[in-house]
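Notes follow the structure.
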Amino acid sequence: MRTVLVVAGSDSGGGAGIQADLKALAALDVHGATALTAVTAQNTQEVVATEPLSVETVRAQIQAVRDDLDVRATKTGMLYSPPIVKVVAEELASLDTPLVVDPVLVAASGSSLHASGLPEALQEHLLPMATLLTPNLHEAETLTGAPVREIQEMKDAAQALHALGPEAVLVKGGHLEGELVDILYDGTSFRSFPGHRYRNELHGSGCAYASTIAGYLALGRGLSESIQAARKRVAAGFATAYAVGQGLRLINAGYTEDRWQVWTAVRDATEELLGFLGPDLVPEVGINLGYALPTADTLEEVCAITGRIVRIGKRSAAVGPPAFGASRHVARIILAAMQFDPASRSAMNLRYDEGLVARARAAGLEIGTFDRKDEPAESETMEWGTREAIRQAEAFPEVIYDLGGPGKVPMVRFLGASPSEVVERVRKVVAP
């Protein structure tokens with residue numbers, strides 16, 4: 001069991017701070033040890049009070065962990081004051097392991113989480129030790145004294161912060177207007193990490209992100225690989241965020257990819273579908289129903305029906321059970337749709353029928369379409385067609401159809417957040 005030492009503050013609401021850090025690490029099967037720097041009284045709406053611990057207590061915690069546990073990486077979050085920053089830097093100096101510094105200054109609710117002089121203390125004592133510094137736009141502005149509101153300014157800030165000593169700087173673009181992208185600078189080159197922009201700001205996302213990177217570093221992965229893997233997990237945390245109070249929703253920092261739940265969802269929805277779907281809507285190529293893991297970006301991370309659903313006499317039947325990697329056709333549809341909306345994780349196809357599309361429109365479903373004659377040479381039809389239909393539609397489509405082409409049969413696809421939602425939409429159209 002690998003261990004990450006987290007030096008940060010406590011969030012009584014359980015959404016950020018040490019609480020989010022430990023959930024994120026546990027989801028990686030990494031042990032989280034802690035050195036608490038401050039206790040906050042906060043909830044999803046505000047920080048009510050903050051009580052920093054004494055530097056002696058912070059020092060004793062770090063020493064106790066360092067002297068006994070095999071620490072493979074360290075992550076710092078809320079450090080609150082210059083004296084705490086200094087003692088943390090002194091005690092971490094003897095640890096020859098990766099250090100991820102998340103320069104926490106303000107809570108997601110807008111409340112300050114630091115005393116006077118903290119940015120300067122970070123610059124002097126901790127940044128020169130960091131393997132990776134992970135500021136958001138506000139933190140980058142505070143640490144550099146320059147505005148950081150667009151991609152070029154993010155790159156400028158990353159270079160300026162790198163000059164202060166960290167091996168690499170990841171400026172997070174969650175608060176950018178428009179496209180979401182994080183910028184990594186390692187002193188030699190830049191790397192961009194684009195992502196999907198979620199509608200709502202969440203509590204705890206920065207903590208979970210930095211801790212997950214530290215967790216992957218502790219597991220022996222390289223820096224860029226750790227960042228990319230952490231982004232996938234944080235995306236899953238956004239997609240499965242939840243509400244516990246009246247303010248900000250919380251990132252699901254402890255989310256784990258449950259393949260069993262995905263598999264059973266496909267199995268149960270398939271059984272439900274076969275209960276009402278007649279063979280007349282099964283195309284010659286068969287039907288498939290797929291469901292992707294929240295972080296899916298490969299065909300092997302989409303569960304679908306082995307051998308598809310086919311016509312057998314006067315009934316429809318599934319050839320085999322659900323399996324990950326069982327489909328290329330429906331999996332490509334799902335992965336393309338998830339590029340626009342990560343929550344659109346399920347899809348299935350049906351034989352094209354003009355009346356079917358008309359009933360779908362009458363049922364209030366959003367309709368999209370594409371024309372195969374516009375398909376670029378050497379493109380993959382399902383990926384290109386899905387993206388094209390989504391781009392052209394006024395709203396995100398729940399049904400996408402095309403009229404086929406030379407050697408290509410026309411087809412209708414139903415999209416949704418889950419197999420049960422997809423099957424319910426099909427039922428609404430074929431068995432009103």
Whole-Hz ³J(HN,Hα) for each residue in segment 58-66, computed from phi via Karplus 6.51 cos²θ - 1.76 cosθ + 1.60 with θ = phi - 60°, x for glycine and proline: what do you get? 4, 4, 4, 5, 5, 4, 4, 5, 4
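What net charge is computed for the residues neighbouring Gly290, neighbours being all others with C-beta under 11 Å from the C-beta of Gly290, Lys and Arg scored +1, Asp and Glu -1? Write out the running numbers ahead of the final one.
Numbers: positive: Arg308, Arg328, Arg332, Arg345, Arg413; negative: Glu301.
Local net charge: +4.
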Report, ordered by chain and residue number, the lysines lying within cross-link reach of Lys86, taken as a straight Cα distance under 17 Å and ignoring same-chain residues fewer than 8 apart. Lys75
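Ordered by packing density, taken as the mean number of other Cβ atoms within 10 Å over each peptide's residues, highest first, how do 387-400, 418-431, 55-68 rank?
On the way: 387-400: 17.8, 418-431: 19.4, 55-68: 15.7.
Descending packing order for the listed peptides: 418-431, 387-400, 55-68.
Rounded, prolate or oblate: which fits segment 1-109, taking a ≥ b ≥ c as square roots of the Cα gyration tensor eigenvalues, rounded meaning a/c under 1.5, else prolate when a/b beats b/c? Don't skip to the answer; put the middle values down first.
Working: a/c = 2.03, a/b = 1.29, b/c = 1.57.
Taking the square roots of the gyration eigenvalues as a ≥ b ≥ c, segment 1-109 is oblate.
Relative contact order for segment 259-430: what percent, with Cα pairs under 8 Å and sequence separation of 6 or more?
Details: 361 pairs, mean separation 38.7, N = 172.
It comes to 22 percent, rounded to a whole number.
Order the peptides 183-189, 295-301 from the highest to the lowest mean number of other Cβ atoms within 10 Å of their residues. It would help to have the intermediate numbers written out before the result.
Numbers: 183-189: 15.4, 295-301: 17.6.
Final packing ranking: 295-301, 183-189.
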List the lysines whose alpha-carbon lies under 21 Å from that of Lys408, not counting same-chain residues fewer than 8 positions away? Lys373
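Of all the C-alpha pairs in segment 178-267, what % are more than 18 Å from each other?
Here the long-distance tail beyond 18 Å is 53 percent of all Cα pairs in segment 178-267.
Taking 8 Å as the Cα distance limit and 6 or more residues as the minimum spacing, I'd like the relative contact order of segment 351-432 as a percentage.
Working: 108 pairs, mean separation 27.2, N = 82.
Computed over segment 351-432, the figure is 33 percent.
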Output the 0 to 90 degree angle, nearest 10, between the alpha-carbon long axis of helix 329-338 and the longest principal axis computed from the alpha carbons of the chain. 40 degrees
Among Leu25, Ala243, Ala296 the positive-end extreme of the charge dipole of the chain (Cβ point charges): Ala296
Within the set Leu22, Leu415, Leu365, GNM on the chain using Cα springs under 10 Å gives the largest fluctuation to Leu365
Net lengthening on full extension, Glu257/Glu394 (0.36 nm per residue, minus Cα-Cα): 46.1 nm
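Need the full-extension length gain, Ala49 to Gln152, defined as separation in residues times 0.36 nm minus the C-alpha distance. One decimal, nm.
Values: separation 103, 0.36 × 103 = 37.08 nm, distance 3.70 nm.
Answer, rounded to one decimal: 33.4 nm.
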Can you list the residues, at least 5 places off or on another chain, whose amide H is less than 5 Å from the amide H of Tyr401, using H built in the peptide plane? Gly368, Thr369, Phe370, Arg413
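Taking loop as defined by DSSP and a crowding limit of 15 other beta carbons within 10 Å, which GluC sites (Glu not before Pro) in segment 168-235 fit?
Details: sites: Glu177, Glu179, Glu201, Glu225; in loops: Glu177, Glu179, Glu201.
Counting only loop positions with at most 15 other Cβ atoms within 10 Å, the GluC sites (Glu not before Pro) in segment 168-235 are Glu177, Glu179, Glu201.
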Which lysines have a Cα lying under 21 Å from the Cα of Lys155, excluding residues fewer than 8 positions away in the same chain? Lys172
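Rank these for me by crowding, Ile227, Ile333, going from fewest to most other beta carbons within 10 Å.
Details: Ile227 23, Ile333 29.
Going from least to most buried by this count: Ile227, Ile333.
How would you classify segment 259-430 from its alpha-carbon gyration tensor, with a ≥ b ≥ c the square roots of the eigenvalues: rounded for a/c under 1.5, else prolate if a/b is greater than b/c, otherwise oblate? Could the numbers behind the result be given before it?
Values: a/c = 1.34, a/b = 1.11, b/c = 1.21.
Because its axes are fairly even, with a/c under 1.5, segment 259-430 counts as rounded.
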Cα-only radius of gyration and Dmax that characterise segment 41-191, units Å: 15.8, 47
In Å, the Kirkwood hydrodynamic radius from C-alpha pairs for the chain sits at 23.5 Å
Quick one: check the C-alpha center-to-center distance for segment 368-393 versus segment 30-45, whole angstrom. 48 Å
GNM flexibility winner over the chain from Ala115, Ala20, Ala362 (Cα, springs under 10 Å): Ala362
Pairwise label distance in nanometres, Phe276 with Glu300, each label 7 Å out on the Cα-Cβ vector: 3.7 nm
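Within segment 104-193, report the trypsin sites (Lys or Arg not before Pro) that DSSP leaves as loop and that have at most 16 other Cβ atoms within 10 Å. Could the numbers behind the result be given before it?
Numbers: sites: Arg149, Lys155, Lys172, Arg191; in loops: Arg149, Lys172.
In loop regions of segment 104-193 (DSSP not H, G, I, E or B), the sparsely surrounded trypsin sites (Lys or Arg not before Pro) are Arg149.
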Taking placed amide H atoms and a strict 5 Å upper bound, the residues 5 or more places from Val6 or on another chain that come that close are Ala33, Thr34, Ala35, Lys75
Of all DSSP beta bridges having both residues in the chain, the percent classed as antiparallel (nearest 5) is 60 percent
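Below 8 Å between Cα atoms, with a sequence gap of 6+, how large is the relative contact order for the chain in percent?
Details: 962 pairs, mean separation 47.3, N = 432.
Over the chain, the number comes to 11 percent.
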The answer for chymotrypsin sites (Phe, Trp or Tyr not before Pro) in segment 239-310 that fall in a DSSP coil and have at most 16 neighbouring Cβ atoms within 10 Å is Phe276
Net charge dipole size for segment 296-432 [Lys, Arg +1 and Asp, Glu -1 on Cβ; Debye, nearest 20]: 800 debye
Specify the angular offset, from 0 to 90 degrees and rounded to the nearest 10, of the alpha carbon long axis of helix 419-430 from the longest principal axis of the alpha carbons in the chain. 30 degrees
Which whole-Hz ³J(HN,Hα) couplings does segment 201-206 yield from phi under the Karplus relation 6.51 cos²θ - 1.76 cosθ + 1.60, θ = phi - 60°, glycine and proline marked x? 6, 10, 8, x, 5, x
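All of the numbers you see were taken from the coordinates with simple rules; none came from a lab. What you see is a predicted model, and the numbers here were worked out from it, not measured in a lab. Please note: Cβ atoms are built from the backbone with ideal geometry, for glycine as well, and neighbour counts cover all protein chains shown.
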